[in-house]
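Down below is the structure, laid out as structure tokens.
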Amino acid sequence: MNFKKQFNEGLLTKNPVTVQLLGMCSTLAITTSLFNGIGMGLAVTAILICSNILISALRNFIPSQIRIAAYITIIAGFVTVVDLLLKAFIPALSESLGVFIPLIVVNCIILGRAEGFASKNTVLASAVDGICQGIGYTIALVIMCVVRELLGSGTFGGGLLNNGEGIRIIPAQFPAMQMVMPVGGFLTLGFVIAGSQWLMKRLEMKNKKKEAAK
Amino acid sequence: MEAILGILISALLTQNFILVKFYGICPFMGVSKKIDTALGMGMAVTFVMALASAACYGINLALIALDLEYMQTVVFILAIASIVQVVEMFLKKSVPALYKALGVFLPLITTNCAVLGVVLVNVQQGYNFLLSTINGAAGGLGFTLAIVLFASIRERVNKTECPECFKGFPIALISAGLLALAFMGFSGLSIF
């Protein structure tokens, strides 16, 4: 298996958020502080790795007619485990993410990777895929969070740094509240996707130039 | 009566499922290229959301009686998947015209967060049977309103020019953001 290629795909060329456009509900809804973004990213990554491993291990036993139902049951099981663990050990995160933790069940990233990758590949490759896609998702969330938090509340690292209040960068009277509201979510994701499209186009052009030089 | 009206207004306007609460963004972005298909998807979602809210109210009572509340997520998603399947088979057999109109959208609804979302919200808010069903239907109508409005904006946006890297999804997301900004205007609305 080509580990480097998978990593590249998860991070940029097939990033679940900016290229595959999967799991946008949570991307838009919870990216209002760094704490939320990292928590959600890690929760999804953990579930993605577990479900990828199990589904890949069972891929020869699940009849293809009922595979979607079987995948959803497996995913829902892991989501319940993570939900209960968060409630017990990190109640602050569980409270601030609210209903979006159980909604990870219907996050298309996990079902999409199960159907598109884990059901066709070996256990090891699926685990690596889970890690790479999870990291790609987390990075996209963190970028969204940093931008929205900075513009919307004027802080950095809310919920994590400086006793949970975050480090103030823009004085309290200036930030645009709209950025932490739904509007900001749509706008920021639009600009993030546009940015990644621009970046990929540039990389492509560079590669072409290199080949031409050869 | 006041509670019902409150639920209707909040689900349609002030707490719109898509533009304020972000449930069901995937179909919102995916099936909004044409007004007809957007309307079809909206109708199918409304139907399933009302049905799922009613069914899951009963299922939740059973779970509480059996002391299995922690299994909510698993049981609800299975219930929704089977409701969608049953609705699909029923429509295929008895109302073929409606099946043809909704057909392709039905299987997609299982993974629509709006359906699981409304069921979980109903349980959290402790709504009774009537209010749960109404909340489901009203949420679905809010979804339909948003997706149809958005589809009509998108049909025009696709015909206009924009910077290369904004083509496709980014510009659609930004128009959705402006629509959400318009819906923020409703947030002061309350009947109490």
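Worth a mention:
- Chain A, helix-only ellipticity at 222 nm - DSSP H runs n ≥ 4, -39,500 (n - 2.57), divided by all residues, nearest 500: -21000 deg cm²/dmol
- Computed E for residue B:68/residue A:209 - FRET, C-beta separation, R0 51 angstrom, nearest 0.05: 0.25
- Pairwise Cα separations in region A:3-213 fall into 5 Å bins from 0 onward with the following percentages, short to long: 1, 8, 14, 17, 17, 15, 12, 8, 5, 3, 1, 0.
- About the Cα centre, charge dipole magnitude for region A:3-213 (Lys/Arg +1, Asp/Glu -1 at Cβ), debye: 820 debye
- Prolate/oblate/rounded call for region A:110-214, Cα gyration tensor, a/c under 1.5 rounded: oblate
- For region A:63-127 and region A:3-23, distance of Cα centres in Å: 18 Å
- Of interest is the spacing of the C-alpha centroids, which for region B:113-192 and region A:189-203 amounts to 25 Å.
- What you get for region B:63-192, charging only the Cβ of Lys and Arg (+1) and of Asp and Glu (-1), is a dipole of about 460 debye around the Cα centre.
- ³J(HN,Hα) computed for each position of region B:62-69 - Karplus, 6.51 cos²θ - 1.76 cosθ + 1.60, integer Hz, glycine/proline x: 4, 5, 5, 4, 8, 6, 10, 4
- Ranking of A:64, B:10, B:187 by count of other Cβ atoms within 10 Å, fewest first: A:64, B:187, B:10
- Farthest toward positive dipole pole in the protein assembly as shown [+1 Lys/Arg, -1 Asp/Glu at C-beta], among A:91, A:157, B:134: A:157
- Start at zero, step by 5 Å, and the Cα-Cα distances of region A:1-79 spread as 3, 13, 16, 22, 21, 17, 7, 2, 0 percent across the bins.
- Taking a ≥ b ≥ c as the square roots of the eigenvalues of the alpha carbon gyration tensor, region B:11-156 is oblate, as a/c is not under 1.5 and a/b does not beat b/c.
- Projected label points at residue B:5 and residue A:122, each 7 Å from Cα along the beta carbon direction, are separated by 6.7 nanometres.
- Rh by Kirkwood over Cα pairs, then Stokes-Einstein D for region B:61-101 at 1.567 mPa s and 4 °C, µm²/s: 109 µm²/s
- Relative pair counts by distance (%), Cα atoms of the protein assembly as shown, 10 Å bins: 5, 21, 32, 28, 11, 2, 0, 0
- Helical content of chain B, expressed as a calculated mean residue ellipticity at 222 nm, amounts to -23500 deg cm²/dmol (DSSP H runs of 4 or more residues, -39,500 (n - 2.57) each, divided by residue number, nearest 500).
- Since only A:42, A:213, B:72 are under comparison, the one whose Cα sits farthest along the positive direction of the charge dipole of the protein assembly as shown, derived from C-beta charges on Lys, Arg, Asp and Glu, is A:213.
- Neighbour-count ranking [beta-carbon atoms within 10 angstrom, fewest first] of B:73, A:73, A:80, B:160: B:160, A:73, A:80, B:73
- For B:143, B:186, the sequence from fewest to most other C-beta atoms within 10 Å is B:186, B:143.
- Of A:5/B:167; A:201/B:167; A:4/A:210; B:21/B:167, pairs whose Cα-Cα distance is over 18 Å: A:5/B:167; A:4/A:210; B:21/B:167
- Evaluated with a Cβ-only charge set (Lys, Arg +1; Asp, Glu -1), the protein assembly as shown carries a dipole of roughly 1580 debye about its Cα centre, given to the nearest 20.
Throughout, read-outs are computed from the coordinates displayed, never taken from laboratory work. Quick caveat: nothing in here was measured; it's all calculated off a predicted structure. Counting neighbours? That spans all protein chains shown, and the Cβs are built from the backbone with ideal geometry, glycine included.
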